[in-house]
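A short worksheet on the structure shown next.
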Amino acid sequence: MKVEVIRSRRRTLCASVKDGVLTVRAPLHVTDAEISRFLEKHRAAIDKLAARAEQFEREKASIRKLSPSEIDALYEKARAVVPGRVAYYAPLVGVTYGRITIRRQRSRWGSCSSKGNLSFNCLLMLTPPEVIDCVVVHELCHRKEMNHSRRFYAEVLRVFPGYREADRWLRENGKLILASVEE
């Protein structure tokens, strides 16, 4: 497997596997020898990552791509559904919000700007309703906490107790949904 090392002003070492490439992200001061020891120490986990990435590539190759008209239909459905879910959950979270935008994003399900504008991926319409609510609550809670701290997740779970199950569904199935759109 090809190994790529990216050094930056980060504090820790981490590794990921994508398209047959093992990417190691390392702090600027870490030596090649330290990176080698890190890779050896975490070989089992890296092998598991590589196997998962390989499995994903096989699954991705077998999925049907959505047509432009299907994506347009998802966009329109999201424009009809998501604002109602935001309006329902905002008072429960205890926040206000700005504009709601629906997009076809490549890697995100939703986002919240510092001004309170919310953006959601139209591909959410391919997920179960509780997953849509999970993403809506997640973004609304960023109006209180613009981070992923314990306080943030405590607020998410207060408002949406089923968050962990819905989030797990999205992590397990979301990549294939995102891959159903032609690049």
Sole exception among (1) surrounded by 11 or more Cβ atoms within 10 Å (Cβ to Cβ); (2) in the same structural domain as residue 131 (by TED's automatic domain parsing); (3) modelled with pLDDT of 95 or more for residue 38, by number: (2)
query: of a type in the set (S, T, N, Q), under 29 Å from residue 147 (Cα atoms) and in contact (Cβ under 8 Å) with a residue 40 or more places away in the chain, is that true of residue 101?
result: no
query: Tell me, which residue of the stretch 147-183 that is touching a Ser or Thr at 6+ places or on another chain (Cβ under 9 Å) and at pLDDT 95 or above is farthest from residue 63 (Cα to Cα)?
result: 166
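Quick check on the stretch 121-166: of everything there that is of a type in the set (D, E, K, R) and surrounded by fewer than 17 Cβ atoms within 10 Å (Cβ to Cβ), which residue is nearest to residue 96 (Cα to Cα)? Reasoning before the result, please.
Here is the first cut: in the stretch 121-166, the residues of a type in the set (D, E, K, R) are 130, 133, 139, 143-145, 150-151, 155, 158, 164-165.
If we keep only those that are surrounded by fewer than 17 Cβ atoms within 10 Å (Cβ to Cβ) too, we end up with 130, 144-145, 150-151, 158, 164-165.
Numbers: 130: 21, 144: 10, 145: 13, 150: 22, 151: 19, 158: 17, 164: 24, 165: 26 Å.
Within the stretch 121-166, the match that is nearest to residue 96 (Cα to Cα) is 144.
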task: Report whether or not residue 31 is hydroxyl-bearing (Ser, Thr, Tyr), out of contact with any strand residue (DSSP E or B) (no Cβ under 8 Å at 6 or more places or on another chain) and in the same structural domain as residue 57 (by TED's automatic domain parsing).
output: yes
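Hey, among 18, 48, 65, which residue is at pLDDT below 95, in contact with an Asp or Glu (Cβ under 6 Å, 6 or more places away or on another chain) and not β-branched (Val, Ile, Thr)?
65
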message: Considering only the stretch 98-107, I want to know if a residue exists there that is modelled with pLDDT of 95 or more, more than 21 Å from residue 181 (Cα to Cα) and not β-branched (Val, Ile, Thr).
response: yes
field: Of residues in the stretch 7-58 being of a type in the set (Val, Ile, Thr) and under 22 Å from the mean Cα position of the chain (by Cα), the one nearest to residue 176 (Cα to Cα)
entry: 17
- prompt: Which pairs do you get when a residue that is assigned by TED's automatic domain parsing to the domain that holds residue 57 and at positive phi, found in the stretch 12-27, comes within reach of a residue that is surrounded by fewer than 18 Cβ atoms within 10 Å (Cβ to Cβ) and not β-branched (Val, Ile, Thr), reach meaning Cβ atoms under 7 angstrom, with the pair 6+ apart or on two chains?
  reply: 20/1; 20/2
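The values are calculated or read from the model by the stated rules, or taken from the named source; none is laboratory data. What you see is a predicted model, and the numbers here were worked out from it, not measured in a lab. All Cβ positions, even for glycine, are placed from backbone atoms using ideal geometry, and neighbour counts span all protein chains on display.
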